[in-house]
Amino acid sequence: NPTLAAQHAEYLVKQLMEFKAQGTRNSPIMSPYSQALSDQDMRDIAAYLSRQTMKPSSAKNKDTILLGQKIYRAGIADKGVPACASCHGPRGAGIPSQYPRIGGQWADYTTTQLLSFRAGERKNNLPMQSISLKLSDLEIKAVSDYIAGLR
């Protein structure tokens with residue numbers, strides 16, 4: 001499960017609507033819950049979550065931290081992978097309604113989402129689908145771990 005504290009309200013509403021509409025985001029947990037929510041419910045939940053204080057996480061794998069940092073800050077030019085920071089910002093704060101806050105996100109959650117984009121299971125962001133196809137499992141795990149430690 002993701003950590004949603006301090007996430008942009010606009011982004012959260014968009015995700016809930018995509019779970020409700022089905023097709024672009026499918027989840028056996030979130031899809032049924034979102035079906036019961038009105039648009040106002042979604043805005044209220046998103047506003048509440050966006051005001052919560054995020055508890056800091058940390059990178060845990062010292063063997064891949066430099067690789068994760070390189071991917072996040074500079075991308076992988078040989079593979080056509082842009083720097084994560086170019087959309088999500090140097091500290092992973094994102095841009096409301098466009099790019100989510102990812103700094104401090106659980107590494108396992110980020111890994112799962114990147115793998116879902118790569119497998120075509122998560123279809124709500126074509127750029128992320130394209131980028132994730134170019135990343136190896138090691139690169140995904142390294143950047144996910146690095147992201148967990150961003151503040």
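The values are calculated or read from the model by the stated rules, or taken from the named source; none is laboratory data. Every value quoted in this text rests on a predicted model; they were computed, and no experiment measured them. Using ideal geometry, Cβ is built from the backbone for each residue, glycine included, and neighbour counts are taken over all protein chains shown. The accessibility values were calculated without ligands, DNA or RNA, using every heavy atom of the protein model including side chains. Shrake-Rupley method; radii C 1.70, N 1.55, O 1.52, S 1.80 Å.
List every residue pair whose Cβ atoms lie under 8 Å apart, where the two residues are 6 or more positions apart in sequence or sit on different chains, the first residue falls within the stretch 114-140 and is assigned to a loop (DSSP other than H, G, I, E, B), and the second residue, located anywhere, is polar (S, T, N, Q) and open to solvent by 80 Å² or more (accessible area, probe 1.4 Å).
Between residues of the stretch 114-140 that are assigned to a loop (DSSP other than H, G, I, E, B) and residues that are polar (S, T, N, Q) and open to solvent by 80 Å² or more (accessible area, probe 1.4 Å), the close pairs are E121/N26.
With the condition kept exactly as written, say whether any residue in the stretch 13-25 is surrounded by 15 or more Cβ atoms within 10 Å (Cβ to Cβ), part of a loop (DSSP other than H, G, I, E, B) and at pLDDT below 95.
yes
Just checking, which of I147, I102 is within 12 Å of the chain's Cα centre (by Cα) and not in a helix (DSSP H, G or I)?
Working: I147 fails: not in a helix (DSSP H, G or I).
It is I102.
Return yes or no: is S86 buried (at least 19 other Cβ atoms within 10 Å of the Cβ) and in a helix (DSSP H, G or I)?
Numbers: buried (at least 19 other Cβ atoms within 10 Å of the Cβ): no; in a helix (DSSP H, G or I): yes.
Spelling it out, it is not the case that S86 is buried (at least 19 other Cβ atoms within 10 Å of the Cβ) and in a helix (DSSP H, G or I).
Being part of a loop (DSSP other than H, G, I, E, B), modelled with pLDDT of 95 or more and open to solvent by 80 Å² or more (accessible area, probe 1.4 Å) is the filter here; which residues of the stretch 37-61 pass it?
Listed by number, the residues that qualify are R51, T53, K60.
Between residues in the stretch 54-68 that are touching a residue at least 40 places away in the same chain (Cβ under 8 Å) and residues that are of a type in the set (V, I, T) and not in a helix (DSSP H, G or I), which pairs lie under 8 Å by C-beta distance while being six or more apart or on different chains?
Matching pairs, first to second residue: M54/T3; K55/T3; S57/T3.
Based on this model, can you work out whether A93 counts as part of a loop (DSSP other than H, G, I, E, B), surrounded by 18 or more Cβ atoms within 10 Å (Cβ to Cβ) and over 13 Å from the mean Cα position of the chain (by Cα)? Give the steps one after another, and end with the answer.
On the way: part of a loop (DSSP other than H, G, I, E, B): yes; surrounded by 18 or more Cβ atoms within 10 Å (Cβ to Cβ): yes; over 13 Å from the mean Cα position of the chain (by Cα): no.
In short, no.
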